[in-house]
Amino acid sequence: MARLDGIIKFTGAIGDLVAYQFNGEWIIRRKSAIPKERIKKDTAFKRTRESNQEFGGASTIAKELRRQWNHILIRDKDNTLHHRLNSIILKMIQAGSGERGKRQFLWSDMVNDFDPVNLNNAIEPNKYVSELPKVSLNNNQFTVKFNHLQLNIAPKGTTHYKVTVHLNTLNNFEFNTVKNKYIPSTDINEVYVIETPILNGSEEYNEIILQPTEVNCAWSVAISLVFYQETNGEFYPLAECPFTWQNICAY
């Protein structure tokens, strides 16, 4: 195998070459001449099958995360997110317990391995704000503390801004031997979207508090920032992509 360097990167096949991202690196190789049926059944390819199963599980779980965040991602133009998430989730599956190739994925076991993710990798959050928010859960109450959030800098023309917090429950996954793929092992679906008023660019913002009905599970907490320009009493969102920041919490 060889690494794929340069500006142009792709996932898929061109002629006899196949490119993909694995463990954070772009890999390019020739298509295998080994028949698929042999890979599926031959004992010599047992570890290959196990790796493929977990790679598919990482893709499934990452896809579910992106689906939950679709209302945020629709504004962001970051084509690297699915590769970055796949790599993170795959490492988390590989660190889990159980039979190789069928390791159960429990958010409560993995949460400490999931560092905050910038959903729009083209923009660094601390370019705009004085400090990233902190998320906590005490007495069944979520608190997203902004610690006097203030804009450090904003796109040209900004007069106002708005902060939105998105909370989504996260389901665990397990390998299903009948379907031969990873499927959700829990079925919890709670979504909360909390928005601040449209704030003057010089205003501070301190915290958002929420008491969900379901707390014995894992949550994703996404925070987005949108810039506005006021014109004749109307507020228009600026074309520059907002930053979005993501954390995972399990309780």
(request) Using R₀ = 45 Å, calculate the FRET efficiency as 1/(1 + (r/R₀)^6) where r is the Cβ-Cβ separation of Lys156 and Asn176; round to 0.05. (result) 0.30
(request) Note down the Stokes-Einstein diffusion coefficient of the range 126-199 in µm²/s, whole number, using a Kirkwood radius over alpha carbon pairs, 37 °C, and 0.692 mPa s. (result) 207 µm²/s
(request) Output the pairs from Lys127/Lys156; Lys102/Lys179; Lys134/Lys156 with a Cα-Cα distance over 20 Å in this structure; if there are none, say none. (result) Lys134/Lys156
(request) Multiply the residue gap between Ile27 and Gln94 by 0.36 nm, knock off their C-alpha separation, and tell me the result in nm, one decimal place. (result) 22.2 nm
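FYI, it's all coordinate maths here, none of it is from the lab. Quantities reported herein were computed from a predicted structural model and do not represent experimental measurements. No Cβ is skipped: glycine too gets one built from the backbone with ideal geometry, and neighbour counts run over all protein chains shown.
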